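The values are calculated or read from the model by the stated rules, or taken from the named source; none is laboratory data. Nothing here was measured: the structure is a model prediction, and the numbers come from that model. Here the Cβ is made from the backbone with ideal geometry for all residues, glycine too, and neighbour counts use every protein chain on show. The accessibility values were calculated without ligands, DNA or RNA, using every heavy atom of the protein model including side chains. Shrake-Rupley method; radii C 1.70, N 1.55, O 1.52, S 1.80 Å.
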Amino acid sequence: MQREIKKLENCRTEVKVTFEPEEWKAARDAALNKLAKNVEIKGFRKGHAPIQLAKERISEGDIMNNALDSLLQNAYTKVLSEENIVPVARPSVNVTKLSDTECEVVILIPTRPEIKLGQYKGLEVGHNEVSVGNEELDAEIAKRLKDNAELVLKEDEAKLGDTVVIDFEGFIDGKAFDGGKAENFSLELGSNQFVPGFEDQLVGAKAEEKRDVVVTFPSNYPNGLNDKEATFKVVVHEVKEKVFPELSDEFVLDLDIKDVKNVDEYKAFVKKDLEERANRAENQRYFEALMDTIVKNAEAVVPQEFVDDEAEVMFNNLKQQVEQNGLDMDAYFKITNSKEEDVRAKMKEDARKNIIRFFLMEEIAKAEEIEVNDATIEFEIAKMAEQYGMEPEKIKEIVFKNKERFVSDIKQNQIVTFLLQNNK
């Protein structure tokens, strides 16, 4: 086997491989013997007919394809190893010569993105001031009181905000349809869980009342129900209203929060929590803005095949999530009022950005000699052991199941810490 290596633009390496005539013949002979094992000829056991008879039943194209696949697999692995080529996406293969005596292929390999760092230290992105005012604090406390509300049975008519416990079954043109039936279902009126109009028609209902609820499914509704009118036979078993607790020392004590015994301490506790959340959000905003600036300052060339492959992974992950929720992609696009081409285009944009950011971080680590040593690993394991109240050896046993990922995460955190410390 002979090979010629060329470095091309846009992070691609071209490898022209020429197989020697005797090598090509040996591969075709091996392919013929392999294919002959599946040939059935009357009078012979399967795979035991004379090779010349079997050859008459096998196309020359199948022999060449099988031989070429075998040679290419070995040649590709050998070239990558000996030439130290690191592919980042699937290669393309073009057969340039193919006959009984000649076999030549050109392999185009997308390789690692080329990153040239610009300024990544001494940047002044700017932090936003974080504060929590009284209005925000009052709103959060009101939300927490609401979250601790109790549902209490009532005899009066149901109103928005109440919860009704119902049986229902839906019919279209007098026939029940799949997914339109449930028993003892708790529904908060006004929560918009159901088809528009359904919950409104239960306002005013009382316990043990029966009602017919007529709705029209939205045009983007999945499962073939879009734009169809349905009648739901509903039986209301119970009506419950929310009873909100008052903010008092007794309420605070019931929450059983360490070192929080009264209303004033609870307000201070909630305010601190809001400030921590706001600071985390601001830190995330700042880091995203910092990375955007670093990306703009850098020069990056990324092979399109790499971007396409990453975007395809992202799309398949989305598809899996959608299907786990009982929908298909057509239904998803209708519900989200989006188009597949737009979703894919956005994913390619995000994939390119993520790739550049990842390799930028790697280049920064090289430039600043950021490495993960054994001492750092042991320190992180000890920290996790203290955090989770476990023995260090047990933590090590868990994280070392994917040690490469664990070390990579530590390194990423070190790079992030470095950037935060060296920019404003």
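How much mean residue ellipticity at 222 nm does the chain get from its helices, if each DSSP H run of length 4 or more adds -39500 (n - 2.57) and you divide by all residues, to the nearest 500 deg cm²/dmol?
Value at 222 nm, helices only: -16000 deg cm²/dmol.
Figure note: Asp256, Asp292 ranked by solvent-accessible area, largest first, 1.4 Å probe, ligands and nucleic acids not counted: Asp256, Asp292. Full extension of the chain segment joining Asn192 with Lys272 gains 25.5 nm, where the gain is 0.36 nm per residue of separation less the Cα-Cα distance.
In order along the range 417-424, the phi-based Karplus estimate (6.51 cos²θ - 1.76 cosθ + 1.60, θ = phi - 60°) of 3J(HN,Hα) comes to 4, 4, 5, 5, 7, 10, 9, 10 Hz; Gly and Pro are listed as x. Within the range 51-88, the trypsin sites (Lys or Arg not before Pro) that combine a DSSP coil assignment with at most 15 other C-beta atoms in a 10 angstrom radius are Arg57. In the range 101-234, Cα pairs under 8 Å separated by at least six residues give a relative contact order of 20 percent.
Normalising the average separation of contacting C-alpha pairs (under 8 angstrom, six or more residues apart) by the number of residues puts the relative contact order of the chain at 16 percent. Tell me which lysines have Cα within less than 24 Å of Lys55's Cα, excluding those fewer than 8 residues away on the same chain? The reachable lysines, counting only those whose Cα sits under 24 Å from Lys55, are Lys25, Lys34, Lys37, Lys42, Lys46, Lys97. So which aspartates and glutamates can Lys78 reach, going by Cα to Cα under 15 Å and dropping same-chain residues fewer than 8 places off? Within the straight-line limit of under 15 Å, Lys78 reaches these aspartates and glutamates: Glu4, Glu14, Asp69. For Gly118, nonlocal amide neighbours, meaning residues 5 or more places apart or on other chains whose placed amide H falls under 5 Å from its own, are Ala298, Glu299. Taking a straight Cα-Cα cut-off under 28 Å and skipping sequence neighbours fewer than 8 places away in the same chain, the lysines within cross-link reach of Lys154 are Lys143, Lys146, Lys181, Lys206, Lys210, Lys233, Lys240, Lys242. For the chain, the longest principal axis of the Cα atoms and the long axis of helix 134-147 meet at an angle of about 90 degrees.
Around the Cα centre of the chain, unit charges on the Cβ atoms of Lys, Arg, Asp and Glu (plus for the first two, minus for the last two) sum to a dipole of about 2020 debye. Put the Cα centre of the range 1-48 next to the Cα centre of the range 233-299 and the gap is 64 Å. Among Lys181, Lys267, Lys37, the largest mean-square fluctuation in a Gaussian network model of the chain, built with springs joining Cα atoms closer than 10 Å, belongs to Lys37. Helix 263-297 and the long axis of the chain differ in direction by around 30°, with both axes built from C-alpha atoms.
Placing a pseudo-label 7 Å from each Cα along the Cα-to-Cβ vector at Asn38 and Ala345 gives an inter-label distance of 4.3 nm. Rounded to 0.05, the FRET efficiency of the Glu102 and Glu312 pair, given R0 = 35 Å and the Cβ-Cβ distance, is 0.50.
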